[in-house]
Every structure is written in C-alpha cells, then in structure tokens.
1. If you plug each phi of region 211-218 into the Karplus form 6.51 cos²θ - 1.76 cosθ + 1.60 with θ = phi - 60°, what whole-Hz ³J(HN,Hα) values come out, in order, with x for Gly and Pro?
2. According to the square roots a ≥ b ≥ c of the eigenvalues of the Cα gyration tensor, what is the shape class of region 145-259, taking rounded for a/c under 1.5, prolate for a/b larger than b/c otherwise, and oblate for the remainder?
3. Once fully extended, how much extra length lies between Asn78 and Glu196, figured as 0.36 nm per residue of separation less the alpha-carbon to alpha-carbon distance?
4. Taking only pairs that are 8 or more places apart or on different chains, how many Lys pairs in region 191-276 have Cα atoms under 24 angstrom apart?
5. Extending each Cα 7 Å along its Cβ direction at Leu267 and Thr161, get the distance between those two points in nm, one decimal.
Amino acid sequence: MWGYLRGGRGPSEARWRPWGECRPVALISFRSGTPETRPLFDNHFPVAIAGMTSMGQRIVAWDVQESVHFIRYKRRDNQLVVFCDDTTPRYVTSLTMLDYQSVAIGDKFGSIAILRLPQRVNEDVHEDPLGTRALWERGYLNGASQKADLQAVFYVGDLITTLQKTSLVPGAGEALVYSTIGGQIGMLVPFMSREEHDLLQNLEMHMRVEFPPLCGRDHLAFRSYYHPCKSVIDGDLCEQFSLMDATKQKTVAAELGKKPNELLKKLEDIRTRFAF
C-alpha cells in the first residue's frame with residue numbers, strides 16, 4: 001500500500017508498506033488510521049470479496065458468489081465481526097446502501113434484490129456491545145448467526161453494472177437507478193400510497209392477459225426467471241397500456257373503476273415525479 005507522508009514544509013514522500021500476504025481487491029475509507037493501528041481482519045470469506053462500502057460503524061462487503069456480509073467494527077477489541085449475511089448465494093456485481101438497515105444489490109444474472117437487516121439485529125448490537133455472541137455463535141454452514149430479510153427481487157434481464165440511489169430531477173423524490181452491460185438504464189421508484197400500489201398492481205395483472213408479449217412467453221415467469229418476483233410492479237408492462245386499442249383500454253379501465261385517460265394520467269404522474 002502506498003502512503004504519502006508530509007514532513008514540515010518539505011515535499012511529500014511516498015512510502016510502500018505491505019499489508020500482508022493477501023492481494024487486496026477492495027479498498028474503502030473507514031475510521032482512518034495508520035498501519036500500526038489498523039483493525040484486525042480475517043480473509044475467510046466464502047470465495048472472494050468483490051467490493052465494500054460503509055455507513056457509520058457498519059461495513060457491507062459483497063462476495064463474488066455468496067451475496068453480502070454485514071460487518072460490525074468492535075472499537076474496544078479493534079476487530080471486525082460479520083454479524084449478518086444472506087441466505088441465498090448471489091453473484092453480486094454492484095451494491096448501494098439505501099439506509100443504515102437496507103441495501104440494494106444487482107447480480108450478474110440480471111436480478112435486483114433489496115435486503116434489510118431484521119429488527120432483532122439492532123437489539124443484539126446493544127445487548128452484545130463486545131460482539132462475543134456474534135464472534136462465537138455460528139449459524140448454518142458456518143455462516144453468520146443472523147440472516148438478512150429479502151424485501152424485494154426483480155429480474156431485469158441483463159447483467160447489472162451500476163446501482164445508485166439518487167434524484168434525477170431537482171426537488172423530485174429519490175429513486176434507485178440501475179444500468180446494465182447492454183446499455184439499458186432503468187429505475188425503481190417507491191409508491192406514495194397504498195391506493196396507488198393497488199391500482200397499478202391490478203393494472204399489471206390485466207395487462208398480462210390483455211396484452212401478452214409478442215413472443216408468447218409468460219410475463220410473470222420471465223420476471224421470476226431466477227427468483228420469484230416479489231414486491232415489484234413492472235412499469236414497462238403498465239406503460240404499454242397506451243399502445244392498446246381504444247376498446248381494450250375502456251374494458252381494462254372499466255374493470256379497475258377508472259377511465260382510460262385517468263390511468264394514462266396516473267402513469268404520466270409517476271414518470272414526471274421521479275424522472276421526466
């Protein structure tokens with residue numbers, strides 16, 4: 001590792017200090033210090049660490065085959081302890097933290113998943129400040145003693161290269177923007193109310209029947225290619241409501257208790273609320 005030391009008014013001096021026998025593959029800034037005071041670490045991850053990120057006292061490291069691992073820094077003992085991981089192997093290619101408890105991950109098979117720490121993890125942090133329980137209590141297959149909950153999963157269809165939580169329009173709400181290796185750019189946006197969610201969920205179900213794909217493939221089976229689709233509504237399918245003929249639009253809108261122009265206005269409002 002290269003370090004730059006500045007002595008007095010003289011020029012900076014570059015020095016090389018080895019960190020160990022292992023070759024580093026990921027590097028983040030976390031509680032900066034000198035090599036003499038660096039935290040103790042362990043290289044016994046399932047396969048290989050692909051990347052890391054941090055927020056507060058937590059570090060999230062993702063493995064090339066075994067999903068994500070949540071790490072806690074024990075300041076008193078100067079140790080890093082894995083206290084939670086995932087139950088499903090995922091070939092993670094990108095990750096972003098949504099908040100202190102949740103992460104969004106994309107894998108090389110084209111799925112986006114949202115993982116959230118269970119509520120009991122916070123209680124364990126306070127009840128076990130030294131990390132003794134997390135250090136010695138091992139879960140199944142030598143995994144962490146606690147497991148993250150799967151909140152949502154959706155199959156995009158192409159390898160995810162980037163995930164970013166951001167706001168695309170000044171004053172607009174935040175959305176989860178992703179890009180794929182094929183050049184696709186998309187976004188996942190939250191609903192503002194339960195009524196809005198129920199309306200688009202029913203519209204999606206009607207669109208699967210009234211406007212099937214040209215290739216004849218089942219839409220739900222496609223979006224659940226590797227994992228069953230959960231807590232995500234396909235906006236691309238709902239947007240195709242405007243491509244239907246007027247008769248089908250009136251039929252679908254009548255079953256939802258709306259007029260066709262009201263459904264089109266709702267879809268347009270969701271677009272302009274977050275993007276364009």
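Values quoted throughout were computed directly from the atomic coordinates according to the rules given, and no laboratory measurement underlies them. This one's a predicted model, so the numbers in the text were calculated from it and none came from an experiment. Methodologically, a virtual Cβ is constructed for each residue, glycine included, from the backbone with ideal geometry; neighbour enumeration extends over all protein chains shown.
1. Taking θ as phi minus 60°, the curve returns 9, x, x, 5, 7, x, 7, 5 Hz for region 211-218.
2. prolate
3. Between Asn78 and Glu196, full extension yields 37.7 nm more.
4. Eligible lysine pairs with Cα atoms under 24 Å apart amount to 10.
5. That separation, rounded to one decimal, is 2.9 nm.
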